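S.K.: If you scroll down you'll find the structure; I have some questions about it.
Throughout, read-outs are computed from the coordinates displayed, never taken from laboratory work. It should be emphasised that the depicted structure is a prediction, and the values quoted were computed from it without experimental measurement. Every residue, glycine as well, gets a Cβ built from its backbone with ideal geometry; the counts of neighbours run over all protein chains shown.
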Amino acid sequence: MKPLTCHHEPQILQNARQVSLSAGAREHLAVCEVCTTALQVDQLLFADAGRIPSLDKLPDPALVWWRSRQQARLRRAERVTMPIQIAERLALALGALGLIIGLSLTWPLLGATFDQWVAGWARGLSQALPLGGSSLILALTGSLFLLVGFGLYSQWAER
Amino acid sequence: MAVPGSPGIAAVEAQERTAMDEAAFRELYTRTARPLWGYLARSTGSDTLADDLLQETYFRMVRAGFQPEGEEHARNYLFKVATNLVRDHYRSPKKDTLPLEHSPAVEGPGHRVRLRRDVQRLLEKLKPRERELLWLGHVEQFSHQEIAEILGLKPGSIRLLLFRARRKLAGLLTEADLGPEIMK
């Protein structure tokens with residue numbers, strides 16, 4: 001089995017990085033595959049590392065600092081207000097649940113009142129405007145579309 | 001009154017007071033940004049992406065309120081965060097790596113640019129983890145223990161992984177007939 005490392009390797013790499021290789025190191029390299037491979041790779045990567053741009057060509061530290069602080073503040077604000085947001089969502093969910101339960105309990109009474117109200121409203125409208133049943137449905141549908149459109153527009157504008 | 005489960009204003013203010021100030025940040029950035037950028041650029045193969053990930057690494061450090069307990073601690077922490085960001089980038093479906101030819105940081109005499117491209121092409125043939133291992137081991141000269149911590153690997157496996165990655169890169173160098181040429 002081939003060895004994975006050689007105990008001469010750190011010394012040889014260190015020498016090659018700082019000064020030229022000694023005669024002894026060269027002799028060792030001629031017979032040691034591990035050190036030869038390590039040196040070959042080391043020199044390639046070191047040469048490549050020498051081409052890393054200088055600090056002034058990297059992102060400005062002042063800008064990185066400022067943006068980091070902004071992000072940190074935002075994150076902290078989110079953490080602080082998280083219980084409030086959770087409470088708001090919980091209240092909304094409980095409200096919706098309460099509404100559904102209330103509506104289902106009072107539906108017989110509400111349904112009858114609603115039917116009366118719709119019938120009266122439709123009668124009054126048909127007397128005031130000479131429209132047929134289909135025109136009424138068309139007008140209601142149009143209004144509904146307008147409302148949905150307005151809702152979508154408000155959401156888009158907010159975003 | 002503090003809301004249960006929230007850090008509370010006093011805790012946030014305390015964290016603000018103990019967090020790193022701008023002078024300390026600048027000092028740390030000056031010491032660590034170049035090696036970190038080099039690691040990111042060679043790991044991702046894109047200088048532009050390296051710029052973005054470099055900034056994100058420091059954003060995360062400041063956001064976390066990191067307090068370095070010495071040079072090594074800071075270096076290990078930053079390289080670990082950078083490694084996680086590179087992993088996240090490879091995992092995300094939207095990857096925006098630029099080919100090296102369009103990269104703004106590649107400047108200089110023609111042969112240096114060609115050499116840089118040759119090196120980049122060779123590194124691209126390695127797996128991301130192999131590139132990370134080689135860069136951390138050879139250029140940054142981290143110990144096997146530190147490499148294991150940064151890459152989230154077992155310390156005992158580093159020796160073998162590093163050996164394999166080296167052998168693969170050396171093989172690619174020989175194949176591309178770049179061995180002696182590239183070292184001039």
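S.K.: Would you mind checking the tilt of helix A:33-49 against the longest principal axis of the Cα atoms of chain A, expressed as 0 to 90 degrees and rounded to 10?
M.R.: Compared with the principal axis, the helix lies near 60 degrees.
S.K.: About its Cα centre, how strong a charge dipole does the range A:1-153 have in debye, to the nearest 20, once Lys and Arg get +1 and Asp and Glu get -1 at the Cβ?
M.R.: The dipole magnitude comes to about 420 debye.
S.K.: Between rounded, prolate and oblate, where does the range A:40-87 land on the alpha carbon gyration tensor, with a ≥ b ≥ c its root eigenvalues, rounded for a/c under 1.5, else prolate if a/b exceeds b/c?
M.R.: It comes out oblate by the Cα gyration axes.
S.K.: Angle between the Cα long axis of helix A:133-158 and the longest principal axis of chain A, 0 to 90 degrees, nearest 10?
M.R.: For helix A:133-158, the angle is close to 30 degrees.
S.K.: What FRET efficiency would be calculated for the residue pair A:Ala96, B:Ala64, taking the C-beta separation as r and a Förster radius of 41 Å, to the nearest 0.05?
M.R.: With R0 = 41 Å, the Cβ-Cβ based efficiency is 0.65.
S.K.: If each residue of separation counts as 0.36 nm, what is the full-extension length gain between A:Arg26 and A:Trp117 once their alpha-carbon separation is subtracted?
M.R.: Value of the extension gain: 22.5 nm.
S.K.: Right, another one. Would you mind checking the pairs B:Lys80/B:Lys154; B:Lys125/B:Lys168; B:Lys80/B:Lys125 and listing those with alpha carbons more than 18 angstrom apart?
M.R.: B:Lys80/B:Lys125
S.K.: If I model a spin label as a point 7 Å beyond the Cα along the Cα-Cβ vector, how far apart are those points for B:Lys80 and A:Gln11 in nm?
M.R.: 3.5
S.K.: D for chain A, whole µm²/s, Stokes-Einstein with Kirkwood Rh over alpha-carbon pairs at 10 °C and 1.306 mPa s: what number?
M.R.: Values: Rh = 25.9 Å.
Once the numbers are plugged in, D ends up at 61 µm²/s.
S.K.: If you don't mind, another one. Set the Förster distance to 51 Å, then compute FRET efficiency between A:Ala62 and A:Leu125 from the Cβ-Cβ distance, nearest 0.05.
M.R.: 0.15
S.K.: Still on this structure, please answer the following. Within 10 Å of each residue's Cβ, count the other Cβ atoms and sort B:His144, A:His7 from fewest upward.
M.R.: In order of increasing Cβ crowding within 10 Å: A:His7, B:His144.
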